[in-house]
Structures are given as C-alpha cells and as structure tokens.
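What follows is a set of notes on a single structure, which appears directly below.
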Amino acid sequence: MHLGRMVFAQLVDFIPAHEFRRCVDRYQGNHKVNSFSCWDQFLTMAFAQLTYRESLSDIETCLRACGHRLYHLGIRGPVSRSTLADANENRDSRIYADLAQALISMARPLYAGEDFGIDLDQTVYALDATIIELCLSPCPWAYYRPYHAGVKVHTLLDLEGNIPALIAIKPAKIHEIRMLDELLPEPGSIYILDRGYLDFARLYHLHQALAFFVIRPRKDFHFHRLAARPVDKLTGLRCDQTIRLKSFYPAHGYPEPLRRICYHDAETDKTLVFLTNHFHLPTLTVPQLYRCRWQVALFFKWIKQHLRIKKFYGLSPNAVKTQIWIAISVYVLLAIVRKRLGLGLGLYPMSQILSVTLFEKMPILQAFSQINELDELAISRKQLNLFD
C-alpha cells in the first residue's frame with residue numbers, strides 16, 4: 001500500500017513554485033494576508049475545477065469534509081466561502097494570468113513538432129475568439145448587446161499540439177480585430193485568420209513584420225489580376241492568382257500584391273476564396289491550412305464543455321477573470337502532466353480520473369494507468385478530445 005503523498009499534491013508539483021511566487025510578488029498578492037494565501041486560493045480553485053464543484057458553498061462543504069487532509073493537499077489556510085469570495089474579488093487576476101502564461105511557456109516545447117496534418121517547417125497559428133456568456137442583471141459591467149452579457153476570450157493557438165500561445169480576456173463588446181494591434185508577430189510564422197480579422201492595414205503590419213497570413217475575403221472586394229498560375233482542377237482548385245487591391249482604402253492599407261486562391265469543396269459544394277501573402281506555399285496547402293483553423297474552435301468547445309467556466313463563483317470582473325485564468329491553468333497543467341508522464345490518455349479522461357482520485361495516496365502514474373484501454377476508447381467516441 002502506498003503511504004506517500006496524495007495525488008493532488010503530486011499533480012501541483014508540476015507547477016514551478018518559483019514561477020508562482022514571482023507572479024504573486026509582481027502584484028503583491030500576499031500583502032497583508034495572514035491566513036488564506038494566493039497559493040491556498042489557487043489550490044482551492046483548482047480543486048473546484050478538477051472535481052466539478054458548482055458553487056462556493058459546494059467547495060466549502062467538500063473541503064471541510066476533508067478535515068486534516070487539507071494540510072496534505074497543500075492548503076494551509078481555513079477554507080470558507082466568504083474567505084474564498086473575498087480572495088476572488090480582491091486579489092489581482094493578473095497573478096493567475098501570468099501563471100497561465102508561464103505554464104504555456106512550459107507546455108509548448110513539450111508539444112513542439114507534433115503533427116497536425118500538414119508538413120511545414122514554419123510555426124502555424126490559428127487566431128480566434130469566443131464569448132463566455134454571463135447573466136446581465138448581476139454583471140452589468142459585461143454588457144455587449146441588449147439582454148446579453150459576457151467576456152470574450154481571444155486565443156492564438158499553436159497547431160502543433162493545440163497549446164494556446166497567447167490568451168487574452170477582454171470585454172465582449174470589443175471587436176476581435178483589435179487583437180491584431182496587440183499581437184507581436186513572429187517572423188516566418190503563418191497566421192490563419194477568419195473573416196472577422198479582415199483589415200488590410202492591419203494585415204499589412206503582419207506582412208511588414210515578415211509574417212504570413214491566410215484569410216478569407218468578403219465577397220464584394222475588388223481587385224486587379226496581375227498574373228495567374230496553372231492549377232489541377234481535379235483537386236478542387238479553381239485558380240491561383242496574383243492580384244492587387246482595387247478599392248481606395250484597401251489599396252491604401254495594403255499596397256503590395258496578394259495571392260488569391262479559389263477552391264471548391266466537394267463535401268459542402270461551396271467555393272471558397274483565400275488571400276495570403278505567402279507566394280511559395282503549394283497551392284493546395286493554403287485551403288488545407290485554413291481547414292486546420294477549426295482546431296481553435298475545437299479548443300473553445302473543449303474548455304466550455306469540461307472546465308468550470310459556465311457557472312461562476314463570483315460576479316465581479318476580477319472574480320470572473322480569476323476563475324477563467326485558473327481554469328486555463330488547469331487545462332495547460334493537464335497537458336504538461338500528460339506529456340511529462342508519457343500518457344496516451346486524452347485530457348478529458350485524465351480529468352475524470354483525477355476527479356475521483358485527488359485524495360488517494362498512490363503514485364500519480366498508477367492512478368492514470370488503471371483505466372482500461374477499451375474504456376478509454378469508449379470515452380473517446382462519446383466525448384470531445386483534443387489529444388487523440
């Protein structure tokens with residue numbers, strides 16, 4: 001019988017303590033705090049994420065039932081719903097935003113080089129945003145249209161491993177195109193964007209930074225054709241052209257030539273048009289790249305289904321952001337554990353196993369190895385899984 005540490009304590013060992021202390025010190029998170037520290041707050045909220053707690057009262061009841069085992073979980077301060085609510089309300093959510101970014105920096109090298117279906121030497125990113133709905137009456141600060149409130153999560157997803165390279169939480173009423181102003185382009189990288197990011201002046205800034213983009217234009221945009229390349233129409237391609245924008249403002253914003261590729265999708269019987277500044281990619285690779293953009297939609301669907309970001313424990317802007325950032329940290333932490341332990345499980349089966357084994361005293365690898373391969377296959381057929 002294993003008489004060592006609990007699974008939860010072993011799990012949080014994958015978080016570098018010095019990075020967490022640095023995040024806390026940066027925003028003076030523990031200033032004038034006597035008992036319930038930022039680390040206690042993070043562990044409590046991570047516990048709530050992993051065990052699917054519904055409310056502050058639910059968290060308080062479960063943790064108080066643990067009694068003396070709280071110390072072995074790593075939680076040193078007393079846990080009450082008022083204490084946790086105050087911490088979520090008042091402690092700077094940027095502490096956990098910086099922690100999430102630190103974990104992302106750890107996770108990305110672990111998944112570097114993973115195949116996403118297209119063999120390219122360049123890093124490929126998909127940029128998109130999703131709205132997390134809130135109730136308007138208790139959250140008037142999140143208003144973005146009549147009878148609706150929410151926050152918008154902007155994500156730049158690295159398609160090698162589906163690890164977010166950048167996440168930003170903004171008011172929902174701010175258009176996603178503003179993220180292009182905050183983006184620091186990596187020279188040589190490819191950014192896949194949907195039609196909502198179509199702004200030729202901003203795209204020209206990407207071009208000047210020696211980055212590449214693939215985007216769909218609006219149906220009514222005007223252009224001059226400068227040249228055309230032959231294409232194999234049996235593959236669905238219809239044309240590969242070099243163009244220059246014709247309308248005054250688009251042409252002023254993007255004065256250089258662009259590449260226009262037209263592709264007919266036989267599955268949906270739709271003809272799609274793509275614009276890119278990458279003139280050296282094989283023609284068929286451009287529509288294949290754009291199809292990979294749906295990985296970011298899959299990421300949003302996964303976190304909405306399996307993380308506690310539909311019901312919030314607090315309704316202030318800081319409390320909402322704190323819960324979202326800790327949920328993202330838990331997601332990335334599971335991805336790190338999966339790679340470090342060499343697991344073949346997806347993230348959803350991992351979270352299921354942890355939800356019932358956090359208080360067990362067993363090696364963490366043993367907890368994950370007990371699942372039957374046939375059971376895992378059945379889970380993967382029913383549940384959305386980013387890591388097949």
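All of the numbers you see were taken from the coordinates with simple rules; none came from a lab. Fair warning: this is a prediction, and the values are worked out from it, not measured in the lab. Cβ coordinates were reconstructed from backbone atoms using ideal geometry, including for glycine residues, and neighbour counts include every protein chain displayed.
Round to the nearest 10 and give me the degree value, 0 to 90, for the angle of helix 81-90's Cα axis relative to the longest principal axis of the chain. In the chain, helix 81-90 runs at an angle near 40 degrees to the longest axis. Separation of the range 210-248 from the range 93-125 is 31 Å, based on Cα centroids. Axis angle, to the nearest 10 degrees, between helix 294-306 and the longest C-alpha principal axis of the chain: 20 degrees.
Between D58 and S247, the simple label model (points 7 Å from Cα in the Cβ direction) yields a spacing of 4.8 nm. Any idea what diffusion coefficient the range 212-260 gets from Stokes-Einstein, in µm²/s, Kirkwood Rh on alpha carbon pairs, 25 °C, 0.890 mPa s? Answer from the Stokes-Einstein relation: 205 µm²/s. Result for the chain in a Gaussian network model with C-alpha springs under 10 Å: among L180, L84, L50, the largest mean-square fluctuation is at L180.
Shown for L156, L358: other C-beta atoms within 10 Å of each C-beta, ranked fewest to most, produce the order L156, L358. Sequence-distant contacts, meaning Cα pairs under 8 Å at least 6 residues apart, place the relative contact order of the chain at 21 percent.
Relative contact order, whole percent, for the range 195-285 stands at 28, derived from Cα pairs under 8 Å and 6 or more residues apart. Between the range 323-342 and the range 260-279, the alpha-carbon centres lie 36 Å apart.
A compact globular protein would have a Cα radius of gyration near 2.2 N^0.38 Å; the ratio found for the range 313-375 is 1.34. Of Y313, Y125, Y290, the residue with the greatest mean-square motion in the GNM of the chain, using alpha carbon springs below 10 Å, is Y290. Of the residues L184, L136, L70, the one that moves most in a GNM of the chain with alpha-carbon contacts below 10 Å is L184.
Compared with the dominant principal axis of the Cα atoms in the chain, helix 38-51 is inclined by about 80°. Counting 0.36 nm for each residue step from H278 to S35 and taking away their Cα separation leaves a gain of 81.9 nm. Based on Cα contacts under 8 Å between residues 6+ apart, the range 104-209 shows a relative contact order of 29 percent. By the rule of a C-alpha distance below 27 Å, with chain neighbours fewer than 8 residues away ignored, the lysines paired with K310 are K152, K170, K173, K301, K321, K382. Any chance you could tell me what percent of the C-alpha pair distances in the range 135-235 go past 16 Å? Result: 69 percent of Cα pairs exceed 16 Å. Exceedance of the 25 Å cut-off in Cα-Cα distance is limited, within the set K304/K339; K219/K304; K311/K361, to K219/K304; K311/K361. A protection proxy built from the mean count of other Cβ atoms within 10 Å ranks the segments 62-69, 89-96, most packed first, as 89-96, 62-69.
Taking the inverse of the mean reciprocal distance over all distinct Cα pairs, the Kirkwood hydrodynamic radius of the range 195-285 comes to 13.7 Å.
Of the three principal axes defined by the Cα atoms of the chain, the extents in descending order read 74, 48, 37 Å.
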